[in-house]
Amino acid sequence: MINWEKFLNIDRRWLYLLIAVVVIVPFFIRMGLPVVPSDEVRSIYNLVDSLGPDNAIFIGWDFDPGTEAENQPMGVAVLRHALDRHVPVFITAVSPLGQGLAEQGAASVFDTRIPGNFVYVPWAEWEPFRAAGYVGRDSLESAWKAAGNSLPEGARGWVFEGVDFALLGYLPYFGLVVLGMGTSIATQYPTDAYGNNLREMPMLRAHKNLREIDLAVTLAGSTACMYWVVYGTSRVGLPVAFGVTAVMATDYYPYIQSGQIVGMMGGLRGAAEYEVLEHEGGHTETTGKAYRGMDVQSLAHILIILFVILGNIAYFAGGFHKKTALKSGR
Amino acid sequence: MYETIGLWVAAILTLAVFSFLYKENPLYRFAEHVVVGSSLGYTIVITYQRVLYPRLVEPVFLHGESLVLIVPAMLGLLYVTRFFPRIAWLSRYPMAFLLGMGMGMAFPYDMQAYILRQIQATLIPLYTPGAPWYNTLGAVVIVLGTLAGLIYFFFSKPHKGPFFGFGSKVGIWIIMIGFGATFGFTVMGRISLLIGRVQFLLSDWLGLLH
Amino acid sequence: MKRTVPMMIAMIGGIIMMIQYFIPHQVSQDVFNYYTEWAPLVGSFALVLGVGSLTRVHIHKIRAKAPNWPYSYAVLIPLYLIPVFAFFLPASIGGGTGKPSVFDFMYSRVQIPIQATMFSMLAFYIASAAFRAFRAKSALATILLVTAIIVMLAQVPIGDLFGRWLPDTGLWILRFPNLAAKRAIELGVGFGMLATCLKIIFGVERGWLGGAGE
């Protein structure tokens with residue numbers, strides 16, 4: 001005879017231990033189950049893939065360290081894709097802590113010790129070329145190569161700060177910042193996060209306000225992502241895509257159907273889908289952290305579903321649905 | 001050296017926080033307090049670098065231009081009066097400026113994004129020639145489900161009769177399906193966050209994953 | 001002066017900003033530009049309030065030797081140490097905001113791991129709740145649970161092993177019934193937001209005036 005009450009009141013630390021085992025062990029037994037991209041993610045990928053050096057996108061690092069595990073892989077994936085297509089990328093942040101995460105995300109893409117990354121050329125470093133009049137991407141790269149610079153083995157290309165990439169960083173009252181950027185990006189951000197004058201940057205000269213931007217991808221763990229829709233899409237028709245945590249993702253399906261957002265990456269799964277598309281499209285050599293987490297995610301879901309089922313079996317088999325209260329355990 | 005020490009500190013702090021799962025302890029409490037101070041300390045630095053320096057210190061005090069910016073700076077400084085009870089009421093002025101104008105500015109945009117576009121997107125044809133049956137069913141669910149959900153939240157009329165009674169019943173079913181989806185995604189999100197930390201410990205710290 | 005004037009400022013400012021949306025004129029554009037440029041500057045001073053209050057609370061705890069008072073040092077030291085190192089000390093002893101620095105270390109090696117781990121612990125709590133709290137006690141609770149299980153399986157690659165129907169069903173739920181539910185809720189929230197905007201502008205909602213004396 002099973003003592004259902006004892007079973008239901010099992011010390012919760014045993015449940016914690018089971019979760020820990022299920023989240024650790026699968027990392028060592030790679031199943032490599034395929035991840036099939038959804039239309040919601042594919043539409044973001046296709047839009048970025050259709051852009052080139054004459055376009056520009058924003059990536060909003062609009063989350064805090066708490067949701068880093070879900071949002072960071074999305075940001076890294078989109079940044080990688082855009083840089084590989086030579087699409088200029090402006091990076092902003094809704095919170096001060098988000099700016100730090102943006103710097104870390106960018107640093108991971110610019111770490112040339114890892115193959116498949118990009119070589120970052122800071123603004124000050126190519127100053128002589130600027131002075132000599134090389135500001136167009138192609139001419140600058142040619143001149144840069146002619147000056148004896150060569151790509152390290154495994155690197156995918158150069159990223160010139162101010163031409164391909166600008167980290168604008170954090171500003172408070174971000175809704176107003178988006179509104180203000182509808183008129184002028186440089187008024188809101190006179191300098192980038194490193195103090196460089198934004199007005200001198202070729203990518204800003206070609207894209208002065210949000211009307212001249214082709215997409216904003218906001219990565220968020222809060223409703224901050226809506227700033228881009230409410231003040232960007234509504235005011236200047238800015239195309240916006242979401243990369244949000246799974247907890248929030250279900251809330252934003254109405255905005256996909258209404259056409260207010262282009263698409264959505266929901267949680268780690270959304271990031272994994274983007275990584276798969278990117279890898280299939282030849283933009284990366286391997287899939288990233290999000291895809292690697294998917295096997296673990298599968299097994300953890302199965303365990304939680306088992307918990308729900310077992311909990312219910314015990315509850316009904318023990319006849320607790322007829323009682324008013326069940327003694328609680330620790 | 002910097003990287004190695006950093007990795008170890010990060011790993012020890014990660015384990016310190018996890019130790020709470022076994023039982024509350026001083027190490028966890030320490031980490032909990034440090035994070036509050038460091039988050040605000042970091043915010044001070046970034047706010048100065050990103051806002052006060054480029055928007056106030058540099059143009060006004062270093063270049064002597066845009067002197068008009070002293071006006072918002074003075075207004076902002078009024079926040080400090082909050083610490084002096086006799087003149088604390090002055091801190092209402094910057095709040096009034098931000099809140100009143102902010103609300104006025106937000107109103108039309110909120111109306112457009114949250115209401116008008118959403119209503120417009122609900123007024124869709126129920127049947128599109130050539131669409132698969134499940135999309136047709138989906139369109140019906142969107143139109144009637146939204147209406148039913150709204151009826152459920154409409155408390156000014158008793159939920160009785162064929163329209164309000166039946167409508168609110170359908171509404172609560174639809175809302176429960178919505179909550180179920182959110183619950184499923186919440187589980188997914190929580191597990192993902194844990195995966196992130198485990199990846200850090202196994203890969204970055206211990207170097208066990210390749 | 002103490003309550004009426006701020007309320008008037010909020011009302012007049014709110015009305016002006018609403019009008020400027022509907023009347024595209026150079027003057028209204030100028031008002032808009034000033035506001036978007038000034039507001040972040042004004043708002044950033046609110047940080048002083050946060051720092052001041054936190055300091056006050058913890059100094060008080062230390063002085064009063066309140067329970068757990070030594071932990072207050074764990075709040076105050078990083079709070080002031082980070083800016084001091086970032087602004088005033090040379091890079092040779094860990095100052096500045098570059099890498100390596102105390103500023104960078106405290107953020108990337110202290111702040112991020114602690115905050116990310118705190119959030120990740122929710123995985124354990126939700127697992128425990130799944131076992132102890134989610135009961136199919138009624139038809140409505142059952143539909144919630146069944147939907148959750150379908151969506152959970154549909155969102156992970158292992159769900160595909162049951163056949164394509166499972167992920168497809170999961171997506172259908174998200175795109176249609178879930179959408180309808182969320183739209184009904186969001187419309188409610190949207191109307192609530194608009195009402196709050198109007199209530200603040202016209203002085204019906206006065207909660208924001210509180211906490212600063214009479």
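The table below gives the values:
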{"quantity": "Net lengthening on full extension, A:Lys322/A:Asn9 (0.36 nm per residue, minus Cα-Cα)", "calculated": "110.9 nm"}
{"quantity": "At least 40 Å² accessible surface lost relative to isolated chain, residues of segment C:154-178 (1.4 Å probe)", "calculated": "C:Gln155, C:Val156, C:Pro157, C:Ile158, C:Trp172, C:Leu174, C:Arg175, C:Phe176, C:Pro177, C:Asn178"}
{"quantity": "Cα centroid of segment A:148-175 to Cα centroid of segment C:39-84, whole Å", "calculated": "36"}
{"quantity": "Centre separation in Å (Cα based) which lies between segment C:131-182 and segment A:237-281", "calculated": "19"}
{"quantity": "Shape box of chain B [Cα atoms, principal axes, largest first, Å]", "calculated": "67, 57, 40"}
{"quantity": "Residues of segment C:10-39 with amide N under 17 Å of the 7 Å Cα→Cβ point at C:Lys199", "calculated": "C:11"}
{"quantity": "Heavy atoms of C:Thr97 accessible to a 1.4 Å probe, total area in Å² rounded to 10", "calculated": "60"}
{"quantity": "Reach of C:Lys137 by Cα under 18 Å, taken over aspartates and glutamates that are not fewer than 8 positions away in the same chain", "calculated": "A:Glu5"}
{"quantity": "Span-like helix ranges in chain B, DSSP H, alpha carbon extent 18 angstrom or more, Kyte mean at least 1.6", "calculated": "B:2-18"}
{"quantity": "Semi-axis lengths (Å, descending) of the ellipsoid that matches the C-alpha gyration tensor of the protein assembly as shown", "calculated": "40, 33, 31"}
{"quantity": "Test item: Cα-centred dipole of the protein assembly as shown, Lys/Arg +1 and Asp/Glu -1 on Cβ, debye", "calculated": "3260"}
{"quantity": "Relative contact order (percent, whole number), chain C, Cα cutoff 8 Å, 6+ residue spacing", "calculated": "17"}
{"quantity": "Of the DSSP H helices in chain A, those whose Cα atoms cover at least 30 Å axially and whose Kyte score averages -1.0 or more", "calculated": "A:289-317"}
{"quantity": "Accessible area of B:Tyr114 in the full protein assembly, 1.4 Å probe (Å², nearest 10)", "calculated": "30"}
{"quantity": "Interface size B-C, as summed buried accessible area [1.4 Å probe, Å², nearest 100]", "calculated": "10800"}
{"quantity": "Given charges at beta-carbon only (K, R positive; D, E negative), |dipole| of chain A in Debye", "calculated": "1260"}
{"quantity": "Surface share of carbon and sulfur [accessible, 1.4 angstrom probe, percent] for segment C:123-175", "calculated": "75"}
{"quantity": "Extreme residue, positive dipole direction of the protein assembly as shown, given options B:Leu15, A:Tyr120, B:Ala113 (C-beta unit charges)", "calculated": "B:Leu15"}
{"quantity": "All-pairs alpha carbon distance profile, chain C, 5 Å steps from 0, percent", "calculated": "1, 5, 6, 7, 9, 10, 9, 10, 14, 14, 9, 4, 1, 0"}
{"quantity": "Förster radius 45 Å - calculated FRET efficiency between B:Leu27 and C:Ala141, Cβ distance, rounded to 0.05", "calculated": "0.70"}
{"quantity": "The protein assembly as shown, accessible area per residue, ligands and nucleic acids excluded (1.4 Å, Å²)", "calculated": "42"}
{"quantity": "Segment C:47-120: relative contact order in percent, alpha carbon pairs under 8 Å with at least 6 residues between", "calculated": "15"}
{"quantity": "Inter-label distance for B:Asp204 and B:Thr136, nm, one decimal - labels placed 7 Å from Cα along Cα-to-Cβ", "calculated": "5.3"}
{"quantity": "Cross-link partners of B:Lys169 among lysines (Cα-Cα below 17 Å; sequence separation of 8 or more within a chain)", "calculated": "B:Lys157, B:Lys160, C:Lys182"}
{"quantity": "Residues in segment B:126-165 that a label on A:Arg42 would reach, taking backbone N under 19 Å of a point 7 Å out along Cα→Cβ", "calculated": "B:131-136"}
{"quantity": "Spread of Cα-to-Cα distances over 10 Å intervals beginning at zero, given as percent, for chain A", "calculated": "6, 24, 29, 19, 11, 6, 3, 1, 0"}
{"quantity": "Reciprocal of mean inverse Cα separation for segment C:47-120 (Kirkwood radius, Å)", "calculated": "13.7"}
{"quantity": "Partner aspartates and glutamates for C:Lys199 [C-alpha distance under 19 Å; skip if fewer than 8 residues away on the same chain]", "calculated": "B:Asp110"}
{"quantity": "Length added when fully stretched, A:His279-A:Ala107, from 0.36 nm per residue minus Cα-Cα", "calculated": "59.9 nm"}
{"quantity": "Value of Rg/Rh across segment A:178-284 [Cα atoms, Kirkwood radius]", "calculated": "1.02"}
{"quantity": "Relative contact order %, segment B:124-210, counting alpha carbon pairs below 8 Å whose residues are six or more apart", "calculated": "19"}
{"quantity": "Spin-label model distance (nm) - B:Ile124 vs A:Ala155, 7 Å beyond Cα toward Cβ", "calculated": "4.7"}
{"quantity": "Heavy-atom accessible surface of segment A:36-287: percent carbon and sulfur, 1.4 Å", "calculated": "49"}
{"quantity": "Expected 222 nm ellipticity per residue - DSSP helices of 4 or more, -39500 (n - 2.57), all of the protein assembly as shown, to 500", "calculated": "-18000 deg cm²/dmol"}
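The values are calculated or read from the model by the stated rules, or taken from the named source; none is laboratory data. This is a predicted model, so every value here is computed, not measured. Please note: Cβ atoms are built from the backbone with ideal geometry, for glycine as well, and neighbour counts cover all protein chains shown. Quick note on the areas: whole protein, heavy atoms, side chains included, nothing else; ligands and nucleic acids left out. Shrake-Rupley method; radii C 1.70, N 1.55, O 1.52, S 1.80 Å.
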